[in-house]
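Have a look at the structure below before the remarks.
The values are calculated or read from the model by the stated rules, or taken from the named source; none is laboratory data. Everything quoted here is computed from the prediction, not taken from an experiment. Using ideal geometry, Cβ is built from the backbone for each residue, glycine included, and neighbour counts are taken over all protein chains shown. Calculation scope for accessible area: heavy atoms of the full protein, side chains included, ligands and nucleic acids excluded. Shrake-Rupley method; radii C 1.70, N 1.55, O 1.52, S 1.80 Å.
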Amino acid sequence: MSEVAVDPVPMPAKRRMAQLVMLALAVVIVMVAYANVGLAVDGQVPAGMLAYGLGLGGLMLAAYLVLAKFAPWADPLILPLVTVINGLGLVMIYRLEAAKMGGASTANQIMWTGVGVVMFSITLIVLRDHRVLQRLTYTAGAIGLVLLAIPALLPGSLSEVQGAKIWIRIGSFSIQPGEFAKLALVVFFAGYLVAKR
């Protein structure tokens, strides 16, 4: 018996607007947390707070627009939740850097969030139907396991940082293959659980 491909139904306009409101609320929550850290560390609101808020809000608005165009059926709660989690992670990094150095810039972290939004957009545009990944279930699982094992198999001079062998370091370049392994393992577990119910 062959499966018939069914095009997903786009999200109703009211739910899309609710997603936009939740996204704005997520940015506000992050900005309040950012201001709170600045007040706790320096006794004043951080000087770059407006630029930080506009940067984060602009990136998430871009992600929202790409999502609305290329995946109109997507769950409206995921992007606002990702915004809160990412934003609070950036606030935690700011707090740690501010406590360590007496002040910190968030421009580098916002840049990496921008890279993430660009990669998200490219993935959404190129991979129009996520169900094609189900064909790669076991391949993705094998790739994930290999990526997790690589640092353990390398000599400590190339993979060890402060006692943890989770990196690959070549000169000044370093990367954690485990971060890419997470993506491969998500594809594996999703495909496996769909196939095995």
*Can you find even one residue in the stretch 19-34 that is at pLDDT below 90, part of a helix (DSSP H, G or I) and not aliphatic (A, V, I, L, M)?*
no
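Each row is one residue, and each column tells you yes or no for (1) within 30 Å of Leu54 (Cα to Cα); (2) buried (at least 17 other Cβ atoms within 10 Å of the Cβ); (3) hydroxyl-bearing (Ser, Thr, Tyr).
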{"position": "Ile122", "(1), (2), (3)": "yes, no, no"}
{"position": "Arg128", "(1), (2), (3)": "yes, no, no"}
{"position": "Arg131", "(1), (2), (3)": "no, no, no"}
{"position": "Thr137", "(1), (2), (3)": "no, yes, yes"}
{"position": "Ile170", "(1), (2), (3)": "no, no, no"}
{"position": "Ala195", "(1), (2), (3)": "no, no, no"}
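Got a number for residues in the stretch 10-53 being among the charged types (D, E, K, R), in contact (Cβ under 8 Å) with a residue 24 or more places away in the chain and open to solvent by 40 Å² or more (accessible area, probe 1.4 Å)?
The first filter runs over the stretch 10-53 and keeps only residues among the charged types (D, E, K, R), leaving 14-16, 42.
This time we only want the ones that are in contact (Cβ under 8 Å) with a residue 24 or more places away in the chain, so: 15-16, 42.
Now restrict to residues that are open to solvent by 40 Å² or more (accessible area, probe 1.4 Å): 15, 42.
Residues in the stretch 10-53 being among the charged types (D, E, K, R), in contact (Cβ under 8 Å) with a residue 24 or more places away in the chain and open to solvent by 40 Å² or more (accessible area, probe 1.4 Å): 2 in total.
Give me the helices (runs of 4 or more DSSP H) completely within the stretch 80-191, filtered to those with at least 1 residues that are under 21 Å from Pro46 (Cα atoms), ordered by residue number. Before you say what the answer is, go through the steps one by one.
On the way: elements: 107-126, 137-153, 156-159.
Because the criterion is at least 1 residues that are under 21 Å from Pro46 (Cα atoms), the helices (runs of 4 or more DSSP H) in the stretch 80-191 that meet it are 107-126.
Could you list, in sequence order, all residues of the stretch 35-48 that are in a loop (DSSP other than H, G, I, E, B) and among the small types (Gly, Ala, Ser)?
Our first condition is that a residue be in a loop (DSSP other than H, G, I, E, B); within the stretch 35-48, this holds for 43-48.
Residues satisfying the conditions are Gly43, Ala47, Gly48.
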*State the number of residues belonging to the stretch 172-193 that are open to solvent by 40 Å² or more (accessible area, probe 1.4 Å) and of a type outside the set (Phe, Trp, Tyr).*
10
*List the number of the failed condition for Leu148; all other conditions in (1) in contact with a strand residue (DSSP E or B) (Cβ under 7 Å, 6 or more places away or on another chain); (2) open to solvent by 50 Å² or more (accessible area, probe 1.4 Å); (3) modelled with pLDDT of 90 or more hold.*
(1)
*Could you grab the pairs with beta carbons closer than 6 Å, sequence gap of 6+ or different chains, first residue in the stretch 174-197 and of a type in the set (Ser, Thr, Tyr), second one crowded, with 16+ Cβ neighbours inside 10 Å?*
Ser174/Trp167; Tyr192/Thr137
*State yes or no: is Ala51 within 18 Å of Ala26 (Cα to Cα), under 18 Å from the mean Cα position of the chain (by Cα) and outside any loop (DSSP other than H, G, I, E, B)?*
no
*Output yes when any residue across the stretch 60-78 is outside any loop (DSSP other than H, G, I, E, B) and at pLDDT below 85, and no when none is.*
no
*When you look at Ile143, is it surrounded by 14 or more Cβ atoms within 10 Å (Cβ to Cβ), farther than 30 Å from Phe70 by Cβ and at pLDDT 80 or above, yes or no?*
no
